[in-house]
Amino acid sequence: MVRYRFYTPEEGGRWQLPVQGVRFDFTYADKALNGPSVWMIWPELEDETGAVIRDKTEPVPASGTARMWIINAANRYLHQGKISLGTKGYFMEGTRRVAACEVIEIAGLLTNPQPPRPPAAPAPRPGTRRRKSRA
């Protein structure tokens, strides 16, 4: 879970607040964690009581909390080593930062079911060569 704040237009943010369901990507504030990448980690914005906002027609609050969802399950291992309490990042629209956020709670990142890691390629038996496939 993150605490977020959308930038104002004067700060380079959006002209109007989004509605629930907008799929902002996420980027880490620390370039050592991030590199040049943005990640499909999408927010599900909450109201002031902590309930998920269900109305997809009204603008969301300019600041508040959001549950975050790692969309590509294969990347969960990568983010487990990067996300911790206090990790800072941004909601992104393309290459533009539209909101700043900070991790305030971790729920499920380390315990949710994980996709199996790909098996290691079997080692060839001693004294054998792999055959080339024929096209």
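The values are calculated or read from the model by the stated rules, or taken from the named source; none is laboratory data. Here the structure is a predicted model, which is why all the values come from computation and not from measurement. Counting neighbours? That spans all protein chains shown, and the Cβs are built from the backbone with ideal geometry, glycine included.
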Single condition residue 44 does not satisfy, out of (1) surrounded by fewer than 17 Cβ atoms within 10 Å (Cβ to Cβ); (2) not in a strand (DSSP E or B): (2)
Considering the stretch 90-107 alone, what residues qualify as being of a type outside the set (A, V, I, L, M), under 27 Å from residue 12 (Cα atoms) and either out of contact with any Ser or Thr (no Cβ under 6 Å at 6 or more places or on another chain) or part of a loop (DSSP other than H, G, I, E, B) (or both)? 91, 93, 94, 95, 96, 97, 101, 102
Restricting the search to the stretch 8-20, which residues are assigned to a loop (DSSP other than H, G, I, E, B) and of a type outside the set (Ser, Thr, Tyr)? 12, 13, 14, 15, 16, 17, 18, 20
Set 29, 66: member being touching a Pro at 6+ places or on another chain (Cβ under 6 Å) and touching a residue at least 12 places away in the same chain (Cβ under 8 Å): 66
Quick one: which residue in 23, 5 is modelled with pLDDT of 95 or more, of a type outside the set (A, V, I, L, M, F, W, C) and either under 16 Å from the mean Cα position of the chain (by Cα) or in a strand (DSSP E or B) (or both)? 5
Taking only the stretch 1-26 into account, find how many residues are over 29 Å from residue 49 (Cβ atoms) and without any contact (Cβ under 8 Å) to a residue 60 or more places away in the chain. 1
Failed item, numbered, when residue 86 is tested on (1) within 22 Å of residue 107 (Cβ to Cβ); (2) exposed (fewer than 12 other Cβ atoms within 10 Å of the Cβ); (3) touching a residue at least 24 places away in the same chain (Cβ under 8 Å); (4) of a type outside the set (Val, Ile, Thr): (3)
Go through (1) out of contact with any Lys or Arg (no Cβ under 6 Å at 6 or more places or on another chain); (2) assigned to a strand (DSSP E or B) one by one and return the number of the condition residue 78 breaks. (2)
Neighbours by Cβ (under 9 Å, 6+ apart or cross-chain): first from the stretch 91-103, touching a residue at least 40 places away in the same chain (Cβ under 8 Å) and under 14 Å from residue 67 (Cβ atoms); second in a strand (DSSP E or B) and among the acidic types (Asp, Glu): 91/25
